[in-house]
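Asks: Could you have a look at this structure, given as structure tokens, before my questions?
Nothing in this text is a laboratory measurement; each read-out follows from the coordinates by a stated rule. Quick caveat: nothing in here was measured; it's all calculated off a predicted structure. Please note: Cβ atoms are built from the backbone with ideal geometry, for glycine as well, and neighbour counts cover all protein chains shown.
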Amino acid sequence: MPRVRVKRQRVVLPSKYVLLILSVVCVLLMIVTYTTDFISAPLSYVSGYTIVPFQNGIMEVGSYLSTRADDLKQLREVMEHNEQLQNEVDQLKIENSNLIADKYELNELRELYQLDQKYSGYEKVGARVIGKDPGNWFSVFLIDKGEEDGICTDMNVMAGSGLVGIVTEVGPNWATVRSIIDDSSNVSAQVLSNSKHLVVTGDLLLMEKGQIRFSQLVDDDSEVVEGDQLVTSDISDKYLPGINIGYISSVEKDANNLTKSGTVTPVVDFARMDVVLVIKELKNKE
Amino acid sequence: MKRKITLFFLIIICFILQTTCFQYVSLGGVVPNVLLIVTSCFGFMRGKKEGMYVGLFSGLLIDVFYGGGMLGLYALLYLVMGYLNGFFHRVFYPEDIKLPIVFVAVSDGVYCIISYVLLFLLRTKMEFFSYLKMIILPEIVYTVLLTLIIYRLILGINNLLEKDEKEKEAKFA
């Protein structure tokens, strides 16, 4: 069997050289893709049509199952609390009328700030969340709309009435969104009641508590208090103005005695987010 | 060839599961790192080279979707993890489940610490022990628990492939 022997004796590259070569390839790839995008564009195209459909399907099944599981859990809880709740109904009826009064006031206030108008003025497209960052360090997720649906990078993403994040990468039928609770996210914001500017930064250590950090607030007269609403600011170069971010939950004076920082409770529930709205308008139109 | 195709689909399935299903079973916002389990397992089951190739492909998949426009960072990380696990190929016995668990746990720890240094420490986020407590340790524990379940599966797939390859070789010779 001379033929076989010849095949066995072919030169085999030692694995340390393979490691070296592949590492160099990776580093080169990093440099090339960081500066240009002629490699990542076709790759994202191919992967978009092979992997995204699967993720779509599985996410649907997964969300169905998790809703079912939640339903069962809730059913048990609801039965336990049923009696208790019955007694509270009367009380709630009274409170309800109070709330309706509050609602009118809220609508009035919204009109005052023209928030409602601003939101409805933007053209939006709904998208489903089909995948989340595989690691535990960042909070990036994948949506099922892409270039073909007119989405491009830096578009703002909302869920319900609050800001979720910004589109960072676009494929033909998918896009990645970096949420505002992500550790590398920075949003220029302002306090709704007195237009003071501050920066809202995601923080991994606060993520579990459902909070985000804010900083660089100049507030000598202590006008900003807990419960104040934060919206995206006019001076942001990527975020459209007036989108609701959340409510201040704590304020502290910084060590420099000039600025204040603290935490914000976002209005969006990032743990349960199935559908988001992408605003198809860019702040910076070139 | 059969091995390549099987591995290709195994990795893709793991990637899809990790980005979809496992997000629903996250404990305190932490999900297990399945791709690292696969990379690490093939590293010590089959040696440095196969570990490297499996790692490279897994990392590239993450890069394409979640790399934020830069390819290669996760590819390099997983590549190195696959290579390092390959060193333990010599002390690997398929029947023993204790060693694989130790390898996977250590790999996950090293992977997390490298990620922390590259992605957080360099942005002056110094509170290492907070990150250790909140992200790294839960991830290691969860990953190890998952390893207990899927190690047999990966081993089974590998054994089937090796049996197949041996039969082919016998036929060829």
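Asks: What is the dipole size for the stretch A:121-228, taken about its Cα centre, with +1 at each Lys and Arg Cβ and -1 at each Asp and Glu Cβ, in debye to the nearest 20?
Replies: Computed charge dipole of the stretch A:121-228: roughly 320 debye.
Asks: Quick check: from the Cα gyration tensor, does the stretch A:53-113 come out rounded (a/c under 1.5), prolate or oblate?
Replies: Since a/c reaches 1.5 but b/c is at least a/b, the shape of the stretch A:53-113 is classed as oblate.
Asks: Please compute the modelled spin-label separation between B:R3 and B:V102, points set 7 Å along Cα→Cβ, answer in nm with one decimal.
Replies: Each label point lies 7 Å from its Cα, and together they span 2.6 nm.
Asks: Can you tell me the relative contact order of chain A? Whole percent, Cα pairs under 8 Å, sequence separation 6 or more.
Replies: In percent, rounded to a whole number, it is 16.
Asks: With helices defined as uninterrupted DSSP H runs, which ones in chain B have an alpha carbon span along their own long axis of at least 27 Å and mean Kyte-Doolittle hydropathy of at least 0.5?
Replies: B:98-119
Asks: Going 7 Å from the Cα of B:E167 toward and past its Cβ, which residues in the stretch B:1-23 have a backbone nitrogen under 14 Å from where you end up?
Replies: Within reach of a label on B:E167, which here means backbone N under 14 Å from a point 7 Å along Cα→Cβ, the stretch B:1-23 contributes B:2-3.
Asks: Going by the alpha-carbon gyration tensor, a ≥ b ≥ c the square roots of its eigenvalues, is the stretch B:24-96 rounded (a/c under 1.5) or, if a/c is not under 1.5, prolate (a/b greater than b/c) versus oblate?
Replies: Verdict is oblate for the stretch B:24-96.
Asks: If a/c stays under 1.5 just call it rounded; otherwise compare a/b with b/c (prolate if a/b is bigger, oblate if not). Do that for chain A, with a ≥ b ≥ c from the square roots of the Cα gyration tensor eigenvalues.
Replies: prolate
Asks: Restricting to DSSP loop positions (anything but H, G, I, E, B) with no more than 11 other Cβ atoms inside 10 Å of their own Cβ, which trypsin sites (Lys or Arg not before Pro) remain in the stretch A:186-229?
Replies: Those that pass, being in a loop and sparsely packed, are A:K209.
Asks: A further question follows. Given B:V31, A:V200, A:V24, which one lies farthest toward the positive end of the charge dipole of the protein assembly as shown, if we put +1 on the Cβ of every Lys and Arg and -1 on the Cβ of every Asp and Glu?
Replies: A:V24
Asks: Taking +1 at the Cβ of each Lys and Arg and -1 at the Cβ of each Asp and Glu, which of A:A175, A:V164, A:I279 sits farthest along the dipole of chain A towards its positive end, judged by Cα position relative to the Cα centre?
Replies: With unit charges placed on the Cβ atoms, the residue in question is A:A175.
Asks: What residue among A:A101, A:N87, A:Q55 has its Cα farthest toward the positive end of the dipole of the stretch A:53-113, where the charges are +1 on Lys, Arg and -1 on Asp, Glu, each on the Cβ?
Replies: Of the options given, the answer is A:Q55.
Asks: Next up: In debye, nearest 20, what is the charge dipole magnitude of the stretch B:34-137 about its Cα centre with +1 on Lys and Arg Cβ and -1 on Asp and Glu Cβ, if you could check?
Replies: Result for the stretch B:34-137 is approximately 160 debye, rounded to the nearest 20.
Asks: Taking the Cα centre of the stretch A:53-113 as origin, work out the dipole magnitude from +1 charges on Lys and Arg Cβ and -1 charges on Asp and Glu Cβ, in debye rounded to 20.
Replies: Roughly 280 debye, rounded to the nearest 20.
Asks: Let me ask you something else. What FRET efficiency comes out for the pair B:N159/A:S161, r = Cβ-Cβ distance, R0 = 51 Å, nearest 0.05?
Replies: Rounded to the nearest 0.05, the efficiency is 0.40.
Asks: Relative contact order for the stretch A:120-179: what percent, with Cα pairs under 8 Å and sequence separation of 6 or more?
Replies: 30
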